[in-house]
Each structure stands twice: as C-alpha cells, then as structure tokens.
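The values are calculated or read from the model by the stated rules, or taken from the named source; none is laboratory data. A quick note: this is a predicted structure, and the numbers were derived from the prediction, not measured. Virtual Cβ from ideal backbone geometry, glycine too; neighbours counted across all protein chains shown. Heads up: the accessible areas ignore ligands, DNA and RNA and are worked out on the full protein's heavy atoms, side chains in. Shrake-Rupley method; radii C 1.70, N 1.55, O 1.52, S 1.80 Å.
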Amino acid sequence: MVNIIEKIEQAGLRGRGGAGFPTATKWQAVKKQELQGKKIYIIANGSEGEPGVFKDEYILKKYPTEFIEGIKIALVEFADSEAVIYLNHTYYDWYAKRLASISKGFPINYFRKTARYIAGDETALISHIEGKRDEPRIKPPYPAESGLHGMPTLVNNIETYYRVFQIAKDQYQNKTFYSISGSGIKKQVYDFPVDYTIKEVLVKSGNWPKDDFFIQYGGGAAGSIYLPEELDNVLPGAASIIIFNRNKTNPYKLMRYWAEFYAKENCDKCTPCREGSMRILEMLKEDRFDRERVKELFLAMEQSSFCPLGRGMSAPYKSLIEKVIR
Amino acid sequence: MSQISISINGRKYQADEGETVLQVAQREDIYIPALCYHCDLLPHESCRLCMVEIEGEGKLKASCTLKAFDGLRVLTDSELVNRVLAVNLELLFAQHEGKCEACARKDSCKLRQAVIKFSNKEKFVADKYSDRKKDKLKYQFGPSIMFDPAKCINCENCATMCAKQTKGGFIRPRESKYNFEVSPSLANDHDCIYCGQCIVHCPTGALSEVEDYPEVQKLLKDSTKKVVFQFAPAIRSSIGELFGLPPGEIATGKIFSSLKRIGAYKVFDTSFGADVTIMEESEELINKIVSGENEVMFSSCCPAWVKYLEFYEKGFVKYLTSVRSPHIILGGLIKTHWAKHNNINPKDIVVVSIMPCTAKKFEAKRRELRVNGFNPVDIVITNREFAKLLKEANINLADVEPSESNDDIMGSFTGAGEIFGASGGVLEAAIRTAYFKTTGKSLEHFEFKAIHELNGIKELELKVNNQKLRFAAVSGIENVKIVLDKLKSDPTYYSCVEVMACPGGCVAGGGQPLPIDDEIRKMRSKGLYKADRENRYRESHANPDVVELYKGFFESDRMRHRICHTKFAAKNKGVIKRIK
C-alpha cells in the first residue's frame, strides 16, 4: 500500500486555503516531528472569513462525512494525535452538532471562532484557540514544528481534508471548488479542474456576463481585479470569482467596502496595517482619496507589514485604480 | 561561539552567532529607530520602524528578528528604508499627541528621538495626518502612575510587562470597533501594583510617574516649612546618567551638595533607615529561627511587592516581616527623634523622599504607617523628578562639588545600607548582621557573589550554628510567582526571601533614569557594591549612629515599635482616576 503522504505528493495537492502551499510538504514536516515521539495537533481551518468565499460551507453542508473521513486519515497517519475543527461562529452554530455526531468516538474537538478575519491565518488561529489575542506569530517556528500549545501542528483548510479523502479513495480528479458570486448571478459553488482558465470556469458554469464587467479573483477582500481580456489564464489565490457590472459599480464605494473590512478585520498589531487601513478608510469616508498619499501607504504596507494580510492589502486597490478607475 | 561577518551600509562588522542585526547595529552605534524593541521582551515586531533593506533584493526585513549570518549585507539608510520608515513614523506620530515640551518623558521618548532624526529628511512630514487620539482622557493609577492614551502608540510593551508583573495583566489591550486600545482593567480582580515597569518599557510618554516635584518646588519657597530630603541607596549610582555621567558612578556627595543648594533644610541618606530596617529584620529572623518557627520570612522594603501580595496573593501576607521600609522608618525618626533633638515642631517639617520607585508614592500614603498622627514621609519624588528639580534650578549635578552629611545623630550610613538598591542587597545586609548577632563575630567575607549576579532568582545556603538555612533573593514578579509556587507546597523551604518587584532590583526601578537594560542594571549594581567596599562601616549594627539610637531613643520599645513596625493586610482594588 502506498503511504498517504506519498499519494498526496503524487497528486500534487495544494492547500485550498488560498496560499496554495504544497500539502505533502506540510504533512512531511509534521511527520518528521511525529517520528521524534511528539504529540501532534491536527487543525481544520474553517474560518472562511474572506468575503466571496463560501465553499467550506458547501462542503460542511454537502460532504460532512467525506470531510471528517479526511481528518480521520490524518489522525491515523499521526500516531499520538488529536484534532480541532475551527469553525467561524455561523458555521459552528449551523453544522458543529451534525459533524460531532459523525465524528463521535474520535479525538475530534470543535472550536467556535469569534475572532476577526485575521484569525484565519494559521498562526493567529492557533493563538486564538490558546485563548490569546488573535495576532499572527513570528515564523519560524512554523506550526509544523511548534504550533498549538507548543506541539507540532498540521493546519489545513476544510477542503484540503476533503481532497485528501478523495486521494485516499483514488477518486481525486484534480478539481477544486470555485465560489462564484456577483451582480446578476446566483451565488454558487462549482467543482472544476484546477487548470481551468477563469474564462472556462465562467463559460462552463454559464456565468459569463453579457454586459461589460470586471472580476475580483482570490477573495472579496484580498483578491485582485481583472478585466475580461485577462481571463484566459489560471490565476493564483483562493478560487473565488466575484463579478462586477462595470457600468453600475462605483469603484469608490467598492474601495470603501474593502477599507471598512480591513480596518475592522485586521489584528492591529503592526503600524502600517493598523494605521494605514484606518487612514485609507478615513480618506474614503471623507471623500478625499489622495492617490499620492495612498501610494506611499501601499509601499509601507507592502514592504513593512508583519504578515501577508498587510503586505497584500494594496493588491485590490492598486488593480482597481489601474484598470477600472484609471 | 563562531564569529560571523556582516555588512551594514557597506561597512563590515563582526557578529556572534544568533545575534540580530539590530543588536549588532546598536552595539556599533548605528541608529535604527526600533521603537517597540526592548531587550527585556521578546521582539513584538509591531512598530515596523526597525526595517532594514537586504542589499540587492530591494526588500525590507525587521532587524529586531533578522538573525545575522555570514555574508549578510543590509542597509539602514537607503532610499527605500527612508521612504517606508517616514510613512510608518508619520502614521505613528499621527496617533500620538505631540505635546513634547510639556511631557514628563520628553528626554526619554524614543518616538520624539525618531521624529527629530527624520525631520531633516525631505520625505517626512510630522503632521501629515490628523491626530486620531487627541480627545482621550488620562488615567491615574493610585498616587503613582499616569497613563495618557493620547500618547500611546499601541506597541503593547506595557501590557506584556504588566502581565509579567501582575496576574493576568492590569493594563492590557482592549478591543474596539476598528482598533484596540491599551487601557487599565476595570475588573475587581486586576489591579496596579505601582511598580512602574510599564514606564520603563514604554517608548513614548504614554506612561509616566505622577509628578510631585512641582509641589516640592513650591514648598522650598515656603519660609514656614523646613523641607528635609532623604535619598534612597539606589539613586546614587544612576542619577549621574541624567547629567552625562556613566551608569554606576557613585554620586552620593554630589547629591548632598546639590540638595543643599536647592534649599534643603537638611539631607539624609536613606541608607541610615536601611541600617535600622536591618537591625529589626535580623532580630525578627533570628527569633523565628531560634523559636523553631520555620516558616519563611519575606522582606517588605518593596511596596510594589507588598501590594502584589496584599492584592493577588492574600494568603502569603502573613509571611511579610512587620518591619517598615527604610525611608518610612527614617521619616518617622526625622519627625520624632530628630525634631525633638533639634527643637523643631514636626508640623513644620516636610519630608521628601527621592526614590528609584513609583510604588513608594503609594507606600507613603498608607494610613497605617502614620506616627503620632503624621505621615512619616510627605512627598515621594522619583529619581527622574529629582533630576528635573535640579535642572530647573540650573544645577548641573556633574559639576557640583561633593560634600558629606553633617547630621550629628543620623548622619552616618553603612555599605550594608547602600547595597539595598541592588537585588540581593537587603538579604546580604541582613545576613551580615544576623550572623554577628547569633555568633558574636563578623562574617569572614561580607560579600556573597552568588547574589550579586543579575539572575531573577538567586539562592544561598548557609550553615548557622549547625543549622542549614536556605535564602533567596528574587526580582521581577514573574520570578516571584515561581518562588511562591515552591512555598505553596512547603512554606519552610526558604528561611528568608528578599523580593524586589522590578527586574534587577531598585537600581532598575520604575522611577529610575531611562533607558534601562541589563548592561545598565549591572553597572548600577556594581556601583553600589563598590560604594559598600569603600564605606568604613559595612554592617548595619556597626553604624555608630544606629548604636546610639538603640542606646537612647529606642530604649523605649513602644517608640521603636511605633516607628519601625506595621501590620500588612489584604487589600481591595485601588483608585483609578480619569483626568482631562
């Protein structure tokens, strides 16, 4: 029998949380720690805080057994291990009971996320479970070495465990769940091959708009803006497509939505992200968006923010300004 | 340890394995405005003002966590670094009320220092953004500490330190809609112990002592008052730093002279009070051991530690010695014995203590310490306030000719009293006298090198009259917690434990000159031990004025008890005031 980690590696599975880190590498790093006799924590990240991403919920609703099976595979793979399923409070309230009845008899615990968006970051999530402030931690050490309660910890997205289950059953067809939403269409999840171009995804799902449009790909906050002519590509980031009607969308309103989101949902630890997000919101609220000043803020955020949230915050704004506002 | 070589701004520097770029830069005097970095704390990486550019990569890294490796090349002054730091500094300054001239922390503010350095750079505009905190109210914790949220830059250093110094942290981040705000806990099970370590670790003026020196200035001008000063052992090796002298340089003589120059009616060295404390404490310790009552005795000289027990560890209060702290004893003596001797009405006396401490402001206000209806000490000012008192009177301590105490009844002091300012000093002084009292002879070696070190928990085992006794000197409440845990299961584990709430002891107290780091702690302590070696008296019981005191005024047990002893008891939460 081929070992599950080798199978994951052969399948080329990448984490479905958005960053796309090779899953096998994470599992191998944890394996190395397990071989030293350490207790292992297995975490399923179901915080799904990004606007426009709702495929974890889709799995919880449609494939709870398969997802739990995926967790069990990890529990079997790592000898002395225990799992925590970390769910945002809505998902927890709606699905935890049912999941718990499925996972009965296994060392699987449920944690209700009350924290912000940033607590979807794997280290901030660990801090939150430990009862501390939901701030990302300095890496290294990576969770695989020292995570929850200082023990080696495997953190994967809910969908990743679902795909692991498929791989174990030889049912994996190199697919991923696309969350598609936006103006004039029904909010829905589609299971398509990972190498589909965005155009293919939109056409095959019947969502290619008739009117002039642009999309945000990679999440309703962190994603970048793309024009129709840019969609003959596979794009990086979370598989989320939000469609905007170009003629009906006020780009300043859209930016204000992002600014509200970031100002509230970041952890406020580091200067450029905390103060920068505040100042962008302030400018948009007061209707005096100063492009030069914003450019400076973006540079400081990209170059000096502590975590990827702050470093990537400029991407949606910059692409919207460049492509849509001009 | 293997040596590595790194390049900073094109110049080569040696570094030790494991050292960070910031540590190398600070050693080599290369300016990096690392606001939130403090060597006592793990890097929090929040201010983002210590960014350096990795040469050739066009990327910035935080130098407080960037480990040096052989061949690493960084720039601290490149265009990119300056552009990014200018933005971050503008952002931080915009959430800080920049009323620098009136600020108590003007000279120790790292933010102000950075703004001054950047103000000549073309990109930097100090008031680019509106001040988002200008309407915040201030908080005052007891009579000791002032917290001004309008000056807070959200670095959380105070909260991290406070969590170590209390249980669960009294000042802590509190979440609001968009941001967190550092604020005091209003819960009944959290309180300030007034140690002032938040001030030591605050890079701006958000935290400072409650300043009482303007009151002293007023009283000095009042001809009906006789302002009598006393100064703590711990300030003599640090006050010089605020006048350009190196840490550890002993300034006792200069302190006497400069206080006389600003109009002190009389100046005493609190070391005299320390000698009396030791006389009483050693007696209590000996009685405890002789009577076979083996439970631990805690020192009570540190009011922040006393408050910690009274509020957070009520069950341990009973182990505190009943002896009062040195400046309270000396204050009590000034208003009774000394006043009578000099024919002065104690009502006309104002006793001002210059202390390395913010908690002493709280201690002086404790009603249970009153003697004949008087507070033994009327006003406590910190060492930093003392420097302001001198500077505002145009006195440069560094230039002052030293002089000596000239009091005929409480003027002498011993090296045992002087080392009270270092962690381990009280214990060592007590052992010197307790040994003499039990064996009739002096110790062969006065110094216990093991407790001169900077460790947070220092243990000592001694054989006295065939009895093996264990002692400990602990500094930093974080370390106290470990020791208390040990004592919870066995209260006889130690015979005597000296506790100072501030890491390193009073030399690094909450009222001391800033900055404070381990190197400065060491130098200030060394200064005190040097003063001890150079003092002709090194045992409290050998202080001739103390000997006279016990032969005369303290013949009356009632008087001795009233001045030297007290009762400690569990306490509820103190007062938090809001101030416009």
I need the phi-derived Karplus couplings for the range A:203-214: 6.51 cos²θ - 1.76 cosθ + 1.60, θ = phi - 60°, integer Hz, Gly and Pro marked x. 5, 5, 8, x, 10, 5, x, 7, 7, 4, 8, 9
Once the cut-off is 23 Å, how many percent of the Cα-Cα pairs in the range B:3-118 end up in the long-distance tail? 30
What's log10 of I(q)/I(0) for the range B:355-435 at q = 0.13, 0.21 Å⁻¹, Debye sum over Cα points only, no solvent? -0.68, -1.26
I need the shape label for the range A:8-146. Rule: rounded when a/c is under 1.5, else prolate if a/b > b/c, else oblate, with a, b, c from the alpha carbon gyration tensor. rounded
Using a 1.4 Å probe, how large is the accessible area of B:Asp77, given in Å² and rounded to the nearest 10? 90
State, in square angstrom and to the nearest 100, the accessible area buried between chains B and A, both chains counted, probe radius 1.4 Å. 2700
Which one, A:Arg288, A:Arg133, A:Arg98, has the greatest fluctuation when you compute a Gaussian network model over chain A with C-alpha springs under 10 angstrom? A:Arg288
What does the structure give for B:173-184 when I average, per residue, the other chain Cβ atoms found within 10 Å of the residue Cβ? 3
Simple Cβ-charge dipole of the range A:251-325, Lys/Arg +1 and Asp/Glu -1, about Cα centre, in debye nearest 20: 120
Restricting to lysines and to Cα separations under 17 Å from A:Lys175, and discarding same-chain partners fewer than 8 apart, the set is A:Lys7, A:Lys55, A:Lys62, A:Lys199, A:Lys204
Additional length obtainable on full extension of the chain from B:Lys318 to B:Leu462, 0.36 nm per residue less Cα span: 49.4 nm
Peptides A:260-268, A:166-174 ordered by average Cβ neighbours within 10 Å, highest first: A:260-268, A:166-174
Sequence-distant residues sharing a close amide H with A:Ser240 (under 5 Å, placed H): A:Ser179, A:Gly218, A:Gly219
The rounded separation in angstrom of the Cα centers of the range A:25-93 and the range B:344-407 is 63
Relative contact order of the range B:213-564, pairs being alpha-carbon contacts under 8 Å that are 6 or more residues apart, as %: 27
Within 10 Å of the Cβ of an average residue in A:131-138, the count of other chain Cβ atoms is 3
Amide proton proximity set for B:Phe268, modelled H, under 5 Å, gap of 5+: B:Phe229, B:Gln230, B:Phe231
Loop-resident GluC sites (Glu not before Pro) in the range A:55-146 with no more than 14 other Cβ atoms inside 10 Å, DSSP not H/G/I/E/B, are A:Glu130
Dipole magnitude of the range B:138-211 about its Cα centre, charges +1 at Lys/Arg Cβ and -1 at Asp/Glu Cβ only, in debye to the nearest 20? 160
Taking Cα pairs under 8 Å and at least six residues apart, what relative contact order does the range B:221-373 come out at, in percent? 33
Rounded to a whole number, the mean other protein chain Cβ count within 10 angstrom for residues of B:81-93 is 5
According to the square roots a ≥ b ≥ c of the eigenvalues of the Cα gyration tensor, what is the shape class of the range A:175-245, taking rounded for a/c under 1.5, prolate for a/b larger than b/c otherwise, and oblate for the remainder? rounded
Convert each backbone phi in the range A:225-238 into a coupling constant with the Karplus relation 6.51 cos²θ - 1.76 cosθ + 1.60 (shift: θ = phi - 60°), then list the ³J(HN,Hα) values in order as whole Hz, x for Gly and Pro. 8, 10, 8, x, 6, 9, 9, 7, 10, 8, 10, x, x, 4
Cut-off 12 Å between beta-carbons: net charge of the residues surrounding A:Cys270, Lys and Arg +1, Asp and Glu -1: -1
Label points 7 Å out from Cα along the Cβ direction at B:Lys164 and B:Ser223: separation in nm? 5.2
Using the Kyte-Doolittle scale, find the helices of chain B whose mean hydropathy is at least -1.0 and whose Cα atoms extend 27 Å or more along the helix's long axis, counting only whole DSSP H runs. B:271-290
In whole Å and largest first, what semi-axes does the C-alpha gyration tensor of the protein assembly as shown yield when each eigenvalue is scaled by 5 and square-rooted? 61, 31, 23
Probe radius 1.4 Å, ligands and nucleic acids ignored: give me the carbon and sulfur share of the accessible area of chain B as a rounded percent. 49
How long is the range A:251-325 along each principal axis, judged by its Cα atoms, biggest number first, in Å? 29, 20, 17
Histogram of C-alpha separations across chain B, 20 Å bin width, %: 21, 52, 24, 3
With at most 13 neighbouring Cβ atoms within 10 Å, loop GluC sites (Glu not before Pro) (DSSP) excluded, longest segment of chain B: B:123-292
Checked against a 18 Å limit on the C-alpha separation, the offending pairs among B:Lys314/B:Lys567; A:Lys253/A:Lys318; B:Lys260/B:Lys388; B:Lys117/B:Lys138; A:Lys139/B:Lys61 are B:Lys117/B:Lys138
If you place +1 on the Cβ of every Lys and Arg and -1 on the Cβ of every Asp and Glu, how big does the dipole about the Cα centre of the protein assembly as shown come out, in debye to the nearest 20? 2080
In nm, the gap between the two label points placed 7 Å beyond Cα toward Cβ at B:Leu41 and A:Glu286 is 3.0
Under-5 Å amide H pairs with A:Tyr172, H placed in peptide plane, nonlocal only: A:Ile167
Relative pair counts by distance (%), Cα atoms of chain A, 20 Å bins: 31, 57, 11, 0
Under a 1.4 Å probe, what is the accessible area of the protein assembly as shown per residue, stated in Å²? 40
FRET efficiency for A:Lys62 and A:Asn247 from the Cβ-Cβ distance with R0 = 35 Å, rounded to 0.05, comes out at 0.50
Which parts of the range A:259-274, residue by residue, lose 30 Å² or more of accessible area when the rest of the protein chains are there, as against the chain isolated (1.4 Å probe)? A:Lys264, A:Asp268, A:Lys269, A:Thr271, A:Arg274
Determine the relative contact order of the range A:1-107: mean sequence separation of Cα pairs under 8 Å and six or more apart, normalised by residue count, in whole percent. 27
Theoretical gain in end-to-end length, B:Thr492 to B:Ala102 [0.36 nm per residue, Cα-Cα removed]: 135.3 nm
Can you give me the Cα centroid spacing of the range A:167-219 and the range B:243-309 in angstrom? 75
